[in-house]
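The block underneath contains the structure these notes are about, expressed in structure tokens.
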Amino acid sequence: MVEVNPAHAVRGPKHVVKKGRTPVLDREEARALLLGIDTGSLVGLRDRALIGTMIYTFAHVGAVLAMNVGDYFTQGRRGWVRFHEKGGKEHEAPCHHKLEAFLDEYIAAAGTADDKDGPLFRTTGQRTGASQRMTQSDAYRMIERRARAAGIKTKIGNHSLRATGITDYLKSGGTLEHAQEMANHSSPRTTKLYDRRTDETSL
């Protein structure tokens, strides 16, 4: 009889996830998603601005929905966005010129430019009688609805837009280091989970 297991301290190899499972849109699908939104209404302008923010900044949906109007500001003749991340951390990033246009048009139509402390992305208030900050469930339902309208069969969610932005950025010659900084990831391993360029190799 052996009183102590001699292999007790031995640990097997750790399984490392190298690829995320989040569905990703290709460039044409992402373009179709944005162009398919009818911007003749305030809801359309809001949805385009929200989707554009997630695609162009790689930000987490929770951080995007937590934005107030004052978190979109001008600095050095350029639009910037400020995100409030977990643990009270703040992350600022310059806007792509298309995202600037999306946000400017939405805020002008909403008439919320002076409400700096109010939520940037708000519900219509049809159910509750008053507009309030959008939730992640609201965003998920909106994205599903817009994807169906654009004829996109890939089942996407809130994180798909972040992964789409990161993948397209890397395809366009961007570096993993910059993508990590833009996504505010503490480790490049996390950013790699959103990089789906190997999907094309698989195909």
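The values are calculated or read from the model by the stated rules, or taken from the named source; none is laboratory data. Since this is a predicted model, take the numbers as computed values, not measurements. Cβ sites come from the backbone with ideal geometry, for glycine too, and all protein chains shown count toward neighbours. Quick note on the areas: whole protein, heavy atoms, side chains included, nothing else; ligands and nucleic acids left out. Shrake-Rupley method; radii C 1.70, N 1.55, O 1.52, S 1.80 Å.
Looking only at residues of segment 95-132 that are open to solvent by less than 60 Å² (accessible area, probe 1.4 Å) and among the hydroxyl-bearing types (Ser, Thr, Tyr), we find that the one that is nearest to Ile51 (Cα to Cα) is Tyr106. Against the conditions (1) closer than 24 Å to His84 by Cβ; (2) open to solvent by less than 50 Å² (accessible area, probe 1.4 Å); (3) touching a residue at least 24 places away in the same chain (Cβ under 8 Å), Asp195 satisfies every one except (1). Here segment 73-94 is the region considered, the condition is being open to solvent by 30 Å² or more (accessible area, probe 1.4 Å) and of a type in the set (Phe, Trp, Tyr), and the residue that is nearest to Gln180 (Cα to Cα) is Trp80.
Applying a threshold of 7 Å to beta carbon distances and a minimum spacing of six or more residues, or different chains, the list of pairs starting in segment 39-64 at a residue that is on the phi > 0 side of the Ramachandran plot and ending at one that is outside any loop (DSSP other than H, G, I, E, B) and open to solvent by 10 Å² or more (accessible area, probe 1.4 Å) reads Phe58/Arg162; Phe58/Met182. Scanning segment 35-56 for residues that are exposed (fewer than 15 other Cβ atoms within 10 Å of the Cβ) and closer than 22 Å to Ala163 by Cα yields one hit, Leu35.
Per-residue answers, yes or no, for (1) more than 27 Å from His84 (Cβ to Cβ); (2) hydroxyl-bearing (Ser, Thr, Tyr):
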position: Gln132; (1), (2): no, no
position: Thr135; (1), (2): no, yes
position: Arg148; (1), (2): yes, no
position: Lys153; (1), (2): yes, no
position: Tyr169; (1), (2): no, yes
position: Glu181; (1), (2): no, no
position: His185; (1), (2): no, no
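The condition of being open to solvent by 30 Å² or more (accessible area, probe 1.4 Å) and either among the aromatic types (Phe, Trp, Tyr) or part of a loop (DSSP other than H, G, I, E, B) (or both) holds for only one of Ala7, Ala59, that being Ala7. Remark: Val64 falls outside the filter, which requires a residue to be under 26 Å from Gly174 (Cα atoms), open to solvent by less than 50 Å² (accessible area, probe 1.4 Å) and part of a loop (DSSP other than H, G, I, E, B).
Could you please find all residues in segment 129-155 being modelled with pLDDT under 90 and farther than 21 Å from Leu45 by Cβ? Those that are modelled with pLDDT under 90 and farther than 21 Å from Leu45 by Cβ: Gly129, Lys153, Thr154, Lys155.
Screening Gly76 on (1) part of a loop (DSSP other than H, G, I, E, B); (2) small (Gly, Ala, Ser); (3) over 22 Å from Ala108 (Cβ atoms) shows it passes everything except condition (3).
Selection of first residues in segment 79-108 that are without any contact (Cβ under 8 Å) to a residue 60 or more places away in the chain and farther than 28 Å from Gly40 by Cα and of second residues that are among the acidic types (Asp, Glu) and open to solvent by 70 Å² or more (accessible area, probe 1.4 Å), restricted to Cβ pairs under 7 Å at least 6 apart or on distinct chains, gives the following pairs, ordered by first then second residue: His84/Glu90.
Scanning segment 86-114 for residues that are under 16 Å from Val61 (Cα atoms) and assigned to a loop (DSSP other than H, G, I, E, B) gives a single hit, Lys89.
Conditions (1) free of Cβ contacts under 8 Å to residues at least 60 places away in the same chain; (2) in a helix (DSSP H, G or I); (3) among the hydrophobic types (A, V, I, L, M, F, W, C); (4) open to solvent by 50 Å² or more (accessible area, probe 1.4 Å), marked per residue:
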site: Ala147; (1), (2), (3), (4): no, yes, yes, no
site: His159; (1), (2), (3), (4): no, yes, no, yes
site: Ile166; (1), (2), (3), (4): no, yes, yes, no
site: Tyr169; (1), (2), (3), (4): no, yes, no, yes
site: Glu177; (1), (2), (3), (4): yes, yes, no, yes
site: Gln180; (1), (2), (3), (4): yes, yes, no, no
